[in-house]
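Enquirer: Structure in structure tokens, see below.
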């Protein structure tokens, strides 16, 4: 059976989206555990300290996944994707059979290791193998499907036992493995390894032989051939050169700011600790508001996917942050006014602000997609390592800190902290992060190396060496 190039691209993206559904379940699963283990008659007991580990161990356990980018550079994207799925499945199995807190935390550790690995593998693979015009949409669909997993676990966990919920969310990752087995390997990785014939063959399988594809293949091969000529003698020299290069440290700094919006901008704490926040705001848990937040999270991701078809990812990201700042600031102000008695808690204005915040913060997946595009292929070993490390440490730090912040700060103070960081992020992204819409990876790399986008001759002819007759 001969697949069209578009079908092969969607095969790669679709299998990552299946795995993302399971990974989304992993992200929200601690919120289900925290509620059910505290409220139900269970042999697993939780206190503040143990509960904070349930919520945050996912990030800390993901730190070893910094090795995944190196595995990707050594063994390829296909192997790394399958390994990530296996780790997630292992986590679901362990949580299903858990009879004590230790086994449950070990399962969450596998979840953290698998999902943090999967993010790096999926985003880098899709950015390399999907045509630029579809790339942003496919990357955002990863976030959309992940949001579906987050919302689904929040809703299912309200009606089914946490073990049954985990068993259901294991299935998408199981289905993703056989699809991953028929992936073509990434042409960018093959070019990086100097395997240019295989690169050409897989590129044609993914993109076809139209003139635009020929030009992109030519730029890819030429760039990697130049890199092979000037490759450093030792790994240490190569690492030193990488760290000092403009096209490494700038995208690295931008990546940190982009992905931290979800964490210290309040997105992840609101997702995991929504029940606790609602109780602190109004004194009682409003189940309808929590359900609305779960549903809106998924709707917001879908809206984002539509928006990037008409606007650049950068503009959507800035709009997302501005809306998030307005509603988180609104939550801060209304909570203060309710505390001093100016507003009545019965109006539930602070709760409405959190719902509005969820609409905009759900578009934070744009930051992850931009981050996966701006790191040059030649730096994706070290750069991907830092990408994963950022995600793990920021995830754990914001979730581990929240219960302890509540001991020393009022809820309005925590909201104010999130608002300040969002406003700082808006300035950095608007002023310094480039717009990647419809840009090839090579064009983005040139931007970071030179400080501006090079003028590309779209009519430049491409010779036969870049599309051989035996792979047409």
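The values are calculated or read from the model by the stated rules, or taken from the named source; none is laboratory data. What you are looking at is a predicted structure, and each value in this text was computed from that prediction instead of being measured. All Cβ positions, glycine included, derive from the backbone under ideal geometry; neighbour counts span all protein chains shown.
Enquirer: Could you please find all residues in region 386-414 being surrounded by 17 or more Cβ atoms within 10 Å (Cβ to Cβ) and under 23 Å from residue 356 (Cβ atoms)?
Expert: Those that are surrounded by 17 or more Cβ atoms within 10 Å (Cβ to Cβ) and under 23 Å from residue 356 (Cβ atoms): 398, 399, 402, 406, 411, 412, 414.
Enquirer: Report yes if some residue within region 415-432 is on the phi < 0 side of the Ramachandran plot, buried (at least 17 other Cβ atoms within 10 Å of the Cβ), outside any helix (DSSP H, G or I) and touching a residue at least 60 places away in the same chain (Cβ under 8 Å); otherwise report no.
Expert: No - not one qualifying residue is present in region 415-432.
Enquirer: A further question on this structure: Quick test for you: out of 216, 212, 198, pick the one residue that is surrounded by 15 or more Cβ atoms within 10 Å (Cβ to Cβ) and at pLDDT 85 or above. Steps first, please.
Expert: Working: 216 fails: at pLDDT 85 or above; 212 fails: at pLDDT 85 or above.
Checking each option against the conditions leaves just 198.
Enquirer: Something else now. Being in contact with a helix residue (DSSP H, G or I) (Cβ under 8 Å, 6 or more places away or on another chain), closer than 30 Å to residue 405 by Cβ, in a helix (DSSP H, G or I) and at pLDDT below 85: is that true of residue 34 here?
Expert: Values: in contact with a helix residue (DSSP H, G or I) (Cβ under 8 Å, 6 or more places away or on another chain): yes; closer than 30 Å to residue 405 by Cβ: yes; in a helix (DSSP H, G or I): yes; at pLDDT below 85: yes.
Yes, satisfied.
Enquirer: Would you say residue 364 is under 24 Å from residue 137 (Cα atoms) and modelled with pLDDT under 85?
Expert: Working: under 24 Å from residue 137 (Cα atoms): yes; modelled with pLDDT under 85: yes.
Answer is yes for this residue.
Enquirer: Quick one: which residue in 105, 168 is surrounded by fewer than 24 Cβ atoms within 10 Å (Cβ to Cβ), over 17 Å from the mean Cα position of the chain (by Cα), modelled with pLDDT of 85 or more and over 27 Å from residue 300 (Cβ atoms)? Give the steps one after another, and end with the answer.
Expert: Details: 168 fails: over 27 Å from residue 300 (Cβ atoms).
Step by step, each of 105, 168 is checked, and only 105 is surrounded by fewer than 24 Cβ atoms within 10 Å (Cβ to Cβ), over 17 Å from the mean Cα position of the chain (by Cα), modelled with pLDDT of 85 or more and over 27 Å from residue 300 (Cβ atoms).
Matching residues to (1) farther than 25 Å from residue 139 by Cβ; (2) modelled with pLDDT under 80; (3) under 28 Å from the mean Cα position of the chain (by Cα):
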site: 425; (1), (2), (3): no, no, yes
site: 429; (1), (2), (3): no, no, yes
site: 437; (1), (2), (3): no, yes, yes
site: 444; (1), (2), (3): no, no, yes
site: 447; (1), (2), (3): no, no, yes
site: 455; (1), (2), (3): yes, yes, no
site: 458; (1), (2), (3): no, yes, no
site: 461; (1), (2), (3): yes, yes, no
site: 465; (1), (2), (3): yes, yes, no
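Enquirer: Another question, if that's okay. Being surrounded by fewer than 19 Cβ atoms within 10 Å (Cβ to Cβ), part of a helix (DSSP H, G or I) and modelled with pLDDT under 90 is the requirement here; does residue 58 meet it? I'd like the intermediate steps shown before the answer.
Expert: Details: surrounded by fewer than 19 Cβ atoms within 10 Å (Cβ to Cβ): no; part of a helix (DSSP H, G or I): yes; modelled with pLDDT under 90: yes.
No: the conditions fail for residue 58.
Enquirer: Also, I was wondering about something else. At pLDDT 85 or above and farther than 24 Å from residue 370 by Cα: is that true of residue 240 in this structure? First the steps, then the outcome.
Expert: Working: at pLDDT 85 or above: no; farther than 24 Å from residue 370 by Cα: yes.
Criteria not met by residue 240.
Enquirer: Looking only at region 125-143, filter to residues that are at pLDDT 80 or above and farther than 22 Å from residue 212 by Cβ; which one of those is surrounded by the most Cβ atoms within 10 Å (Cβ to Cβ)?
Expert: 142
Enquirer: Let me ask you something else. Tell me, please, whether a residue that is modelled with pLDDT under 85, on the phi > 0 side of the Ramachandran plot and surrounded by 16 or more Cβ atoms within 10 Å (Cβ to Cβ) can be found in region 327-344.
Expert: The answer is no; no qualifying residue exists.
Enquirer: A follow-up question, please. With a cut-off of at least 3 residues that are in contact with a helix residue (DSSP H, G or I) (Cβ under 9 Å, 6 or more places away or on another chain) and free of Cβ contacts under 8 Å to residues at least 60 places away in the same chain, name the helices (runs of 4 or more DSSP H) lying wholly within region 291-394. So that I can check it myself, show each step before the final result.
Expert: Values: elements: 313-339, 349-361, 365-374.
Counting at least 3 such residues, we get 313-339, 349-361.
A quick yes/no check of all residues on (1) over 22 Å from residue 384 (Cα atoms); (2) assigned to a helix (DSSP H, G or I):
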{"site": "166", "(1), (2)": "yes, yes"}
{"site": "189", "(1), (2)": "no, yes"}
{"site": "194", "(1), (2)": "no, no"}
{"site": "198", "(1), (2)": "yes, yes"}
{"site": "205", "(1), (2)": "yes, yes"}
{"site": "209", "(1), (2)": "yes, no"}
